[in-house]
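Report on the following structure.
The values are calculated or read from the model by the stated rules, or taken from the named source; none is laboratory data. What you are looking at is a predicted structure, and each value in this text was computed from that prediction instead of being measured. Ideal geometry is used to build each Cβ from the backbone, glycine not excepted, and the neighbour counts take in all protein chains shown.
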Amino acid sequence: MAKKVKVINEVTVSDTDIKCPGCGATIKFDPSTSNLVCPFCGTTKEIPQPEDGTVIEELDFYTAIQKASVDWGSVKKLIVCANCGGQTLYDVSQISGCCPFCGSTSVMPAAENEKIMAPGAVIPFSVDKEKAEKCFHDFVKKKRYVPKAVKECRLENLTGLYLPFWTFDTDTISSYETLIGFDFTDSKGNRHHEIQSYKGVCNQSFDDVVVYATDKVQNSSIAEVKDFDFDKLVPYSPEYLAGIPAERYTVGLNDGWKRARVQITNNLKKQIGEYEKNRARGDTVDKVQLFTNCYNVKFRYLLAPVYLASYKYGNKVYQVAINGQTGDAYCDTPSNRWIFILILLIALSVVTLPFIIAIIWFMFWSTF
């Protein structure tokens, strides 16, 4: 059956078959089977899998504006949170009641007057909600001094969504000057630090320099669980986003490349400094200055899965993040450490008190 193509404010999208053929309800992506499943009647629809050896296209950075796709493959609406500024893409049929990042209900549709670049690849969810909650409890149980009530907490507002990332590949050529320090002791036993300069040229290629593509995040736990296996990327298909929101990038392509350049520069400085220090048999790397030219720059825009949630203990709410691919979980937790230390001190005082009394008694009578 041919797809219906629509144009909404210059963004070309197409109606995919996301309705259940059995009951007409909205079909959603099921991480446990990697298929589309109707939550009402159980009808299953398989997602075509990429053939072995499928290559995820990497776009040339300098022609990105002309070549980047804006076709998400299904009609999307952009929702903006008035509290944290998060920008999340939903299916048109979905109704968003709150922001997945900060939980605020102050959300509103954004103006649809700009092109939103579509991702070229996606890491599908492989962890479902039930397993995600288990991963949270496994993480908490491994932490020490956590109150028992926390280990029995149920997660609130557990929401799966896709987070945006840029990856960059580039070849580089750098001219550099490195200052290497040498420590030595003279004949009189005095310590000295001598610096020598080394110059050279370095050719280095970088593959998949990863940049997190949004700053509109208040859940600090995300930074602890965003180690994804990018080797398991599949070409983007709108079916993977069925029933699952996707955070829109707020760090644009140019800003993403600037951040990648910082990572590349820091990496080059570290490599060059260690190379020259070892080659000269020096003791320290005092400074590395370099001028780097990047060429053959390629990029990918991709989506990776994460669960966000929270739990309440006492009067405080704690944020939780769970990697939707690996199951890695992280959250802050309250601690009983000070209670444990206090009990330990009391126990020590009880044990040592008789000895202290005996010593004082002995010192008192010894003066007579």
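Residue check: LYS258 meets all listed conditions (1) surrounded by fewer than 17 Cβ atoms within 10 Å (Cβ to Cβ); (2) in contact with a strand residue (DSSP E or B) (Cβ under 7 Å, 6 or more places away or on another chain); (3) over 30 Å from VAL320 (Cβ atoms) but one, namely (2). Every condition in (1) in a strand (DSSP E or B); (2) loosely packed, with under 14 Cβ neighbours inside 10 Å holds for LEU158 except the one numbered (2).
Of the residues making up the range 251-278, just one is farther than 20 Å from GLN289 by Cβ and among the polar types (S, T, N, Q), namely ASN254. Annotation note: Cβ proximity below 8 Å between a residue of the range 234-247 that is touching a residue at least 60 places away in the same chain (Cβ under 8 Å) and farther than 10 Å from ALA121 by Cα and a residue that is part of a strand (DSSP E or B) and small (Gly, Ala, Ser) (sequence gap 6+ or interchain) occurs for ILE244/GLY160. Need pairs with beta-carbon distance below 6 Å; first residue under 20 Å from LYS232 (Cα atoms) and within the range 318-331, second modelled with pLDDT of 90 or more and polar (S, T, N, Q); sequence gap 6+ or separate chains. Short answer, once both residue conditions are applied: GLN325/SER126.
Residue-by-condition table, conditions (1) among the basic types (Lys, Arg); (2) crowded, with 19+ Cβ neighbours inside 10 Å; (3) in contact with an Asp or Glu (Cβ under 8 Å, 6 or more places away or on another chain):
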{"residue": "PRO164", "(1), (2), (3)": "no, yes, yes"}
{"residue": "THR167", "(1), (2), (3)": "no, yes, yes"}
{"residue": "THR178", "(1), (2), (3)": "no, yes, yes"}
{"residue": "ASP183", "(1), (2), (3)": "no, no, yes"}
{"residue": "TYR212", "(1), (2), (3)": "no, no, no"}
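Each residue in the range 158-208 was checked for being at positive phi and charged (D, E, K, R), and 1 pass.
Being in a helix (DSSP H, G or I) and over 25 Å from the mean Cα position of the chain (by Cα), is that true of even one residue in the range 309-321? No: zero hits.
A single member of SER197, SER221 is within 21 Å of LEU302 (Cα to Cα) and either touching a strand residue (DSSP E or B) at 6+ places or on another chain (Cβ under 6 Å) or modelled with pLDDT of 90 or more (or both), and it is SER221. For the range 289-312, state whether one or more residues are under 22 Å from CYS153 (Cβ atoms), out of contact with any strand residue (DSSP E or B) (no Cβ under 8 Å at 6 or more places or on another chain) and at pLDDT below 90. No. Can you find even one residue in the range 264-284 that is in a strand (DSSP E or B) and surrounded by fewer than 15 Cβ atoms within 10 Å (Cβ to Cβ)? Scanning the range 264-284, I find at least one residue that is in a strand (DSSP E or B) and surrounded by fewer than 15 Cβ atoms within 10 Å (Cβ to Cβ), so the answer is yes.
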